[in-house]
Each structure stands twice: as C-alpha cells, then as structure tokens.
Amino acid sequence: MNFHAIRAIYKFEMARTWRTLLQSIIAPVISTSLYFVVFGAAIGSRIAQVDGVSYGAFIVPGLVMLSLLTQSISNASFGIYFPKFTGTIYELLSAPVSYREIVISYVGAAASKSILLGLIILATAGLFVPLHIEHPLWMILFLLLTAITFSLFGFIIGIWADNFEKLQLVPLLIITPLTFLGGSFYSIKMLPPVWHTISLFNPVVYLISGFRWSFYGTADVNITISLAMTVMFLAVFLAIVAWIFKTGYRLKS
C-alpha cells in the first residue's frame, strides 16, 4: 500500500475545502439554520411531539443526514471529475498508484469533509434545540458508514459524468427528493398505510431511521434492518467501483 500517495491526494483534496470555505462549510450551515427557523418555528409550533420527541429535536438527524448525503456525493463526484476535466487523471492512472489507493484517497477525503460538516451542523442544531444522543457509538457508526457509502456513490457519479450538469443531476433530482420523502421532517408512521408501504422502498428511509434511533431510541424501521441496508449499499458501490477500474469505464477514453 502506497501510503505516501494516499496522503498526498488526501491532503490535496482536503486543502480544497479551506480554499472554498464559504461554499463547503458556511453555506450548508446557514441553510440548516434556516431549516430550523422555518420548520422548527412554523411547523414545530403546530406539532408538539413526534414519537415522544419535540419536533425541533426530531428533525435534527434528518437535517444532518440530508447534508451528509448531498455533501458526500458532491465532494466525491467533483473531486474525481475535475482531474478528468483537466486531463490530469491520465497522469494519476499512469503513476505507481493502485486503484484501491486512488479510491481510498478521494473517497476518504470526501467522507472526512462530509463528517466534519455533519458534526458542525450537529453543533449548530444544539444552539436551537436541546440535543440528546442515546447511543453515541451507533451514531458515529451510521455517520461513518453513510459518509463512506455515499462518497463512493459520488465517486461513481464523477466517473460517469461527462459534463458539470451531470454532476448535479443525481443529487438534485434523485437524492434530495428521496431524502425529503425519507422521513427527514416526519415519521413515516404518520403516513396512511399505502404510503407507508411505498416509503419502505425508499433506501434513504433506512439511513435516516437508523441515524434517528441512535439519538432517541425510536425509529421507523428496525435498527438491524437499517444497518443491514446501509452495509448492502456500501457493498454494491464498492463492487461498482471495482468494475469501473477493471474495465476502465470512462477512464481510458
């Protein structure tokens, strides 16, 4: 394992965060604060509690997960797309660096940035509502698994995309709607039976449910199922990345 190469790529990607601090950190934190003002004040005044948790506190895991998913995909997709766009990807592929080291570097940096942002948003949420994390180790586990899994997904999108518009296509048209419909701001138990069943086909439901359980011990889906689904997503994305480097899909042309 070429740890020097991993460290070099990782440090380069992390340095980009500080160069784009306004876009990478400050903007998502401001957006989250606005969610608390709008949803916490406007809707929270009409919904006292959900599953025994105050509405303002109930939406915290959903907001963190919303930012975590979108930022993981965005960071990883742009990180690998930019070398493709500039042509430096060929220098990387011809260097004595294996595809595993490339994936570890880019995905590790994207996941690190997303986790950092998630923790900042969590701290920001503590300024608005009293937070209680019932299972901190499970919270950290879901945070890590989700960040790594969707950074891998973003890496795949970055390889697939051949223009900047496609980089935003999946996050804006698929991930964000699925997150909003996945119980970020409500419990799917509140839905009519038909819509409750349909919601269970939304993969984001399992991520948000497991993450919320780590906070309050309450969930829409059994914690074991949530964890199993998260690990399954991770395995699928790992298999796709391995196939991409084995076949050279959109890398050698």
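Every number in this text was worked out from the coordinates using simple rules, so none of it is lab data. Remember, it's a predicted structure, so these values are computed and weren't measured experimentally. For neighbour counting, all protein chains shown are included, and Cβ atoms are generated from backbone atoms with ideal geometry for every residue, glycine included.
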Taking the Cα centre of segment 3-247 as the origin, how large is its charge dipole in debye, to the nearest 20, when only Lys and Arg (+1) and Asp and Glu (-1) carry charge on their Cβ atoms? 260 debye
Over what distance in Å are the Cα centres of segment 152-173 and segment 200-253 separated? 17 Å
Lys/Arg Cβ at +1, Asp/Glu Cβ at -1, dipole of the chain taken about the Cα centre: which of Gln168, Ala95, Gly248 is farthest positive-ward? Ala95
Kirkwood hydrodynamic radius of segment 117-253 from all distinct Cα pairs, in Å? 16.5 Å
By average C-beta atoms within 10 angstrom, highest first, the peptides 171-179, 189-197: 171-179, 189-197
Can you give the percent of C-alpha pairs in segment 127-202 whose distance is more than 18 Å? 62 percent
Relative contact order for the chain, counting Cα pairs under 8 Å that sit 6 or more residues apart, in percent: 26 percent
Run the quick spin-label model on Leu119 and Met14: label points 7 Å from Cα toward the beta carbon, then report their separation in nm to one decimal. 1.1 nm
Can you spot the aspartates and glutamates whose alpha carbon is less than 18 Å from Lys189's alpha carbon? Ignore those fewer than 8 places along the same chain. Asp51, Asp220
Tell me which of Phe215, Ile188, Ser74 sits at the most positive position along the dipole axis of the chain, charges placed on C-beta atoms (Lys, Arg +1; Asp, Glu -1). Ser74
Would you compute the Debye intensity of segment 1-131 from its alpha-carbon atoms alone, equal scatterers and no solvent, and pass along log10 I(q)/I(0) at q = 0.10, 0.21 Å⁻¹ to two decimals? -0.43, -1.13
Kirkwood Rh and Cα-based Rg: tell me the resulting Rg over Rh for the chain, rounded to two decimals. 0.99
For q = 0.19, 0.24 Å⁻¹, Debye-computed log10 I/I(0) when each Cα of segment 82-165 counts as one equal scatterer: -0.92, -1.20
